[in-house]
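*Asks:* Got a structure for you, questions after.
The values are calculated or read from the model by the stated rules, or taken from the named source; none is laboratory data. Note that the structure is predicted; figures quoted are calculated from it, not measured. All Cβ positions, even for glycine, are placed from backbone atoms using ideal geometry, and neighbour counts span all protein chains on display.
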């Protein structure tokens with residue numbers, strides 16, 4: 001270790017007060033106020049905090065556990081510092097993809113296609129590569145020749161033309177992408193993995209988010225309420241992605257016009273389904289083109305599509321959403337996936 005790199009500064013660093021708030025001990029520690037969280041995370045994103053401070057900040061938050069107000073402040077900091085989308089660029093549904101698939105194929109991509117074919121403008125954002133052995137959305141969409149953008153102008157063209165676009169996080173908020181990549185160094189996920197799902201950079205009126213642990217759903221709901229998100233649906237999806245597991249009952253946490261609703265989507269398959277050896281897009285292509293049958297894949301696709309429809313149309317009931325999802329599947333353009 002280079003001892004000179006740890007030489008103390010002559011005066012307190014401007015970021016130090018935020019570390020003191022979070023780490024002053026059992027009786028002195030408190031959570032950040034929303035404005036404090038905005039300022040502190042803005043400093044991190046702009047490069048005004050030292051690497052040592054960033055690691056300490058993220059781990060102190062991890063141990064304390066972030067509050068809805070802190071998450072809202074962090075999201076606002078991201079929105080203030082990210083590459084801004086052109087004025088007028090809009091989406092109907094914001095779909096966050098930050099986990100990657102490990103246990104099953106990425107069936108949710110077929111749900112994305114169905115919703116786009118239904119006429120909804122679906123914007124997807126995410127990152128990849130931070131956890132080995134997973135198939136991430138960007139790679140899966142590229143393999144299926146689906147629209148992946150490099151900047152907001154390409155997003156606009158893709159949403160206008162195909163009503164579907166994926167923009168990697170690194171292309172609109174590179175500092176946040178760099179923070180996500182710290183997981184192998186820190187050994188733990190940090191609040192960055194939570195707040196990234198809440199960014200909704202195009203301010204779509206409907207949002208779909210997945211959590212690794214059901215207890216985090218209310219945290220997402222409350223942060224979305226602070227951020228005045230009109231409609232949001234959160235649930236524990238397969239491998240942490242927005243995908244219903246048909247062999248399990250799924251607890252859905254909904255937010256609509258400031259009101260919380262929790263409900264359960266019953267399982268559609270009674271038998272246990274084994275994990276796949278290696279997630280792949282080829283089964284998606286085969287099922288979409290009807291070159292094969294896959295009960296799990298079809299049930300996952302239809303249920304995930306139904307939940308997406310409920311996020312877009314909160315007044316629709318579950319049975320109607322499932323019927324609509326089935327209709328979209330029956331009417332799909334089978335040539336869409338070559």
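*Asks:* Spot the failing condition for residue 330; the list is (1) modelled with pLDDT of 95 or more; (2) buried (at least 16 other Cβ atoms within 10 Å of the Cβ), and only one is missed.
*Replies:* Only one criterion is unmet by residue 330, namely (2).
*Asks:* Right, another one. Go over the candidates 25, 100, 73, 69 one by one and state the one that is crowded, with 18+ Cβ neighbours inside 10 Å and free of Cβ contacts under 8 Å to residues at least 60 places away in the same chain.
*Replies:* Going through 25, 100, 73, 69 in turn, the sole match is 73.
*Asks:* Ok, one more. Out of the stretch 219-251, which residues are assigned to a loop (DSSP other than H, G, I, E, B), surrounded by fewer than 24 Cβ atoms within 10 Å (Cβ to Cβ) and under 13 Å from the mean Cα position of the chain (by Cα)?
*Replies:* 237 - this is the single residue of the stretch 219-251 that is assigned to a loop (DSSP other than H, G, I, E, B), surrounded by fewer than 24 Cβ atoms within 10 Å (Cβ to Cβ) and under 13 Å from the mean Cα position of the chain (by Cα).
*Asks:* Let me confirm something: among 49, 37, which residue is outside the structural domain of residue 226 (by TED's automatic domain parsing), assigned to a loop (DSSP other than H, G, I, E, B), at pLDDT 95 or above and touching a helix residue (DSSP H, G or I) at 6+ places or on another chain (Cβ under 6 Å)?
*Replies:* Just a single option satisfies the conditions, and that option is 49.
Residue by residue, here is whether (1) out of contact with any strand residue (DSSP E or B) (no Cβ under 7 Å at 6 or more places or on another chain); (2) farther than 19 Å from residue 242 by Cβ; (3) assigned to a loop (DSSP other than H, G, I, E, B) holds:
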{"position": "271", "(1), (2), (3)": "yes, yes, yes"}
{"position": "279", "(1), (2), (3)": "no, no, yes"}
{"position": "283", "(1), (2), (3)": "yes, no, no"}
{"position": "287", "(1), (2), (3)": "yes, no, no"}
{"position": "305", "(1), (2), (3)": "yes, no, no"}
{"position": "308", "(1), (2), (3)": "no, no, no"}
{"position": "315", "(1), (2), (3)": "yes, yes, yes"}
{"position": "328", "(1), (2), (3)": "yes, no, no"}
{"position": "335", "(1), (2), (3)": "yes, yes, yes"}
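*Asks:* Does residue 264 meet the test of being in contact (Cβ under 8 Å) with a residue 12 or more places away in the chain, surrounded by 12 or more Cβ atoms within 10 Å (Cβ to Cβ) and closer than 22 Å to residue 239 by Cα?
*Replies:* Answer is no for this residue.
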